Amino acid sequence: MSGAWLTLAEVMRQTGRSQITSDRNWDSGASPTLRELFESLKFTPEDGRIWFGDQRMLLVHAAAYGALRQELISTLGLEKARELLMRMGHVAGTKDAAIIRNRWSHGASGDVASIFFNAGARLHGLEGLVKALPNRFTLNADRGSYRGTFTWQGSVEAAEHVAAFGLSSVPVCWMLVGYANGYASSINGMEMLYKEVECTAMGAPCCRSIGRPAKDWAEDESQVRFYSVAELVPRGSRKTGSDDAHTGCGPEPQIVVGVSPAFRAARDKLEKVAGIDATVLLEGESGVGKEMFTATLHAISPRANGPFIAVNCAAIPDTLIESELFGVERGAFTGATISRPGRFERASGGTLFLDEISSMSVIAQGKLLRAVQEGIIERVGGVQSIKVDVRLVAATNVDLRKEVDAGRFRQDLYFRLNVFPITLPPLRERRDDIPLLMQHFVERYSAKYGRKVEVFTTGAVDALLRYDYPGNVRELQNIIERAVISAGADGVVDVQHLFPPGRFPPDLRYLIDANGVFRESESSGKPAGEGGAPNGLVAQVLDAGLSIRQWDERLCREALARTNGNVAKAARMLGLSRAQLNYRLRRLGEA
Ligand SMILES: [Zn+2]
């Protein structure tokens with residue numbers, strides 16, 4: 001079998017080529033196409049097997065791989081873990097190359113590049129590791145020279161690394177590099193080495209790798225610098241409230257978080273417009289994170305080093321909005337004892353975010369129009385035109401079009417602002433993001449308040465996933481902040497820690513069943529009665545089907561758990577004397 005395989009050089013000689021050069025013909029349609037590769041993948045669940053060609057494959061959770069990877073790094077150190085993962089990737093790449101050579105290298109009269117390089121890239125994608133795009137490669141079979149560059153998007157390895165350790169100072173896609181080494185070496189019949197030069201785990205827009213024959217790398221170049229494990233602190237034990245949360249390809253500004261399709265769509269638009277200076281109009285309900293999105297836009301734009309100024313127009317009285325935005329000259333009005341620049345001037349060279357733009361007075365709208373159109377402002381009471389260089393992002397939670405129709409918003413300004421509208425989805429339409437946001441805020445507030453949150457009960461998670469969040473991300477943020485503060489001493493967050501007493505949302509009536517499991521109560525959806533919680537509580541206790549004695553036991557145990565076994569405190573919590581509680585505990589001990 002293996003004797004029949006041809007190296008790339010041999011195929012090239014057979015097809016009369018000495019050199020192939022290619023750039024971006026990933027989608028050339030040449031064999032093996034993604035479809036052909038896909039059809040080589042066979043699921044035989046009745047047999048407990050997945051096959052790719054004649055090789056048995058494994059469908060592994062990315063999170064499981066991430067956990068293993070984190071363990072490897074923590075126990076063996078970065079260098080050793082890197083070595084092992086590279087070798088694992090190397091085996092996979094070599095095996096895949098064998099399948100490709102076996103099935104497709106014969107009669108390779110067509111697109112040799114596709115067969116070899118693009119097939120490897122497609123397989124990388126098919127196996128769920130990364131979207132690999134060959135940028136450019138040149139291979140000279142006679143001279144034995146090769147140089148290829150690849151772009152990797154959405155590396156699972158980088159994502160898992162960032163999830164475990166936060167942003168890295170070195171590239172971390174070790175398994176991908178190993179795979180590329182194994183695949184290319186096997187295909188070419190000579191040792192190839194890839195080096196990752198940029199990585200999303202470092203905050204780069206995409207990972208990039210360069211491959212060359214091993215002999216062509218200078219000794220020092222092939223030695224990538226590695227840092228000690230001590231520099232990597234797993235996320236859970238971080239002391240500071242870091243905001244990194246990396247999702248996919250893009251220089252993550254460590255602010256907006258999400259993986260849901262609705263979020264990604266908005267995020268993609270944001271990335272598209274970031275590089276150009278166009279005015280952006282953000283539409284969406286209150287609390288969806290418009291300011292965070294704008295901060296993100298600013299951070300990934302060429303203006304990132306300039307100022308980012310945010311103004312909530314609704315928070316500034318009508319009489320002050322002009323002087324706030326455009327500045328004021330001394331003596332313009334009583335009290336204007338000194339000249340001062342407005343937000344426009346202060347944002348010059350950077351980004352100016354105007355939230356709730358519809359609440360701006362008509363006069364201010366006129367001035368804003370001039371600023372947007374001509375890049376010129378005048379201070380209140382001033383005569384001098386001042387040139388400003390500002391990227392404007394306006395946001396609204398009302399339909400501006402309707403405001404125009406109602407005569408409350410200038411149409412010409414509306415057209416000027418509505419150059420590149422982005423609609424930010426409400427949280428209830430991006431529920432996939434709730435777990436990620438929960439984790440994000442838990443980390444932030446645990447650090448802020450020095451509290452340790454170990455776990456959310458099933459009931460709490462369920463409640464958070466089902467709740468409708470009229471206040472959107474901001475409301476979730478508040479709920480998590482409250483939960484972190486009020487969580488039990490055991491670090492467990494339960495439903496009662498999420499919502500204030502008596503303010504359970506109507507659709508979140510839960511009860512504890514006989515097994516101690518939260519489930520939705522049958523009165524779900526009904527408004528709280530007079531006295532709300534107590535009645536509901538009684539109903540829950542009755543519905544749970546526990547005897548008074550069982551409840552007595554539960555209450556005592558829970559009180560003790562919450563007070564870390566302090567009997568006096570637990571007794572106070574239950575309205576009992578210490579002796580009374582001790583009596584009950586003795587009785588439980590005998591039971
Ligand atoms: Zn990477």
Open item on the list: If I filter region 335-358 for residues that are assigned to a loop (DSSP other than H, G, I, E, B), touching a residue at least 24 places away in the same chain (Cβ under 8 Å) and among the charged types (D, E, K, R), do I get at least one hit?
Closed with: yes
- [ ] Mind telling me which of the residues W51, W104 ends up being modelled with pLDDT under 90, more than 22 Å from T149 (Cα to Cα) and touching a Pro at 6+ places or on another chain (Cβ under 8 Å)?
- [x] W104
- [ ] Would you confirm whether any residue within region 124-131 is free of Cβ contacts under 8 Å to residues at least 24 places away in the same chain and under 18 Å from the mean Cα position of the chain (by Cα)?
- [x] yes
- [ ] Please determine, by comparing only the residues of region 173-209 that are more than 10 Å from the ligand (Cβ to nearest atom) and surrounded by fewer than 18 Cβ atoms within 10 Å (Cβ to Cβ), which one is modelled with the highest pLDDT.
- [x] E191
TODO: Considering (1) in a helix (DSSP H, G or I); (2) over 31 Å from the mean Cα position of the chain (by Cα); (3) modelled with pLDDT of 65 or more, say which one G3 fails and leave the rest.
DONE: (3)
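With respect to Q373, determine if the residue is modelled with pLDDT under 95 and out of contact with any helix residue (DSSP H, G or I) (no Cβ under 8 Å at 6 or more places or on another chain).
On the way: modelled with pLDDT under 95: yes; out of contact with any helix residue (DSSP H, G or I) (no Cβ under 8 Å at 6 or more places or on another chain): no.
For Q373, the condition - modelled with pLDDT under 95 and out of contact with any helix residue (DSSP H, G or I) (no Cβ under 8 Å at 6 or more places or on another chain) - is not met.
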TODO: Keeping to region 162-172, report how many residues are small (G, A, S) and within 11 Å of the ligand (Cβ to nearest atom).
DONE: 1
Task: Scope region 388-402; condition more than 28 Å from the chain's Cα centre (by Cα) and closer than 18 Å to R343 by Cβ; matching residues - done: V388, D389, V390
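Restricting attention to region 530-552, does a residue exist that is among the basic types (K, R), out of contact with any strand residue (DSSP E or B) (no Cβ under 6 Å at 6 or more places or on another chain) and modelled with pLDDT of 70 or more?
At the first step, the residues of region 530-552 found to be among the basic types (K, R) are 549.
After this cut, where a residue has to be out of contact with any strand residue (DSSP E or B) (no Cβ under 6 Å at 6 or more places or on another chain) as well, the list is 549.
With modelled with pLDDT of 70 or more added as a condition, the list becomes 549.
The answer is yes; a qualifying residue exists.
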Task: Hey, F344 buried (at least 22 other Cβ atoms within 10 Å of the Cβ) and more than 29 Å from R474 (Cα to Cα) or not - done: no
Open item on the list: Out of V328, V311, I need the residue that is over 37 Å from the mean Cα position of the chain (by Cα), buried (at least 19 other Cβ atoms within 10 Å of the Cβ) and of a type in the set (V, I, T). Which one?
Closed with: V328
Task: Selected residue (criterion: surrounded by the fewest Cβ atoms within 10 Å (Cβ to Cβ)) from residues of region 134-161 that are within 16 Å of the ligand (Cβ to nearest atom) and acidic (D, E) - done: E160
Open item on the list: Just to verify a result, which residue in region 444-461, among those that are more than 17 Å from P500 (Cα to Cα) and assigned to a helix (DSSP H, G or I), is nearest to the chain's Cα centre (by Cα)?
Closed with: R444
- [ ] Taking L413 as the residue in question, decide whether it is modelled with pLDDT under 85 and assigned to a helix (DSSP H, G or I).
- [x] no
Open item on the list: So if I check each of A314, A364, A304, which one is more than 29 Å from Q384 (Cβ to Cβ) and in a helix (DSSP H, G or I)?
Closed with: A314
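The values are calculated or read from the model by the stated rules, or taken from the named source; none is laboratory data. The structure presented is a predicted model; accordingly, all values stated were derived computationally and were not measured. Neighbour counts are summed over all protein chains in view; Cβ atoms, including those assigned to glycine, are modelled from backbone coordinates with ideal geometry.
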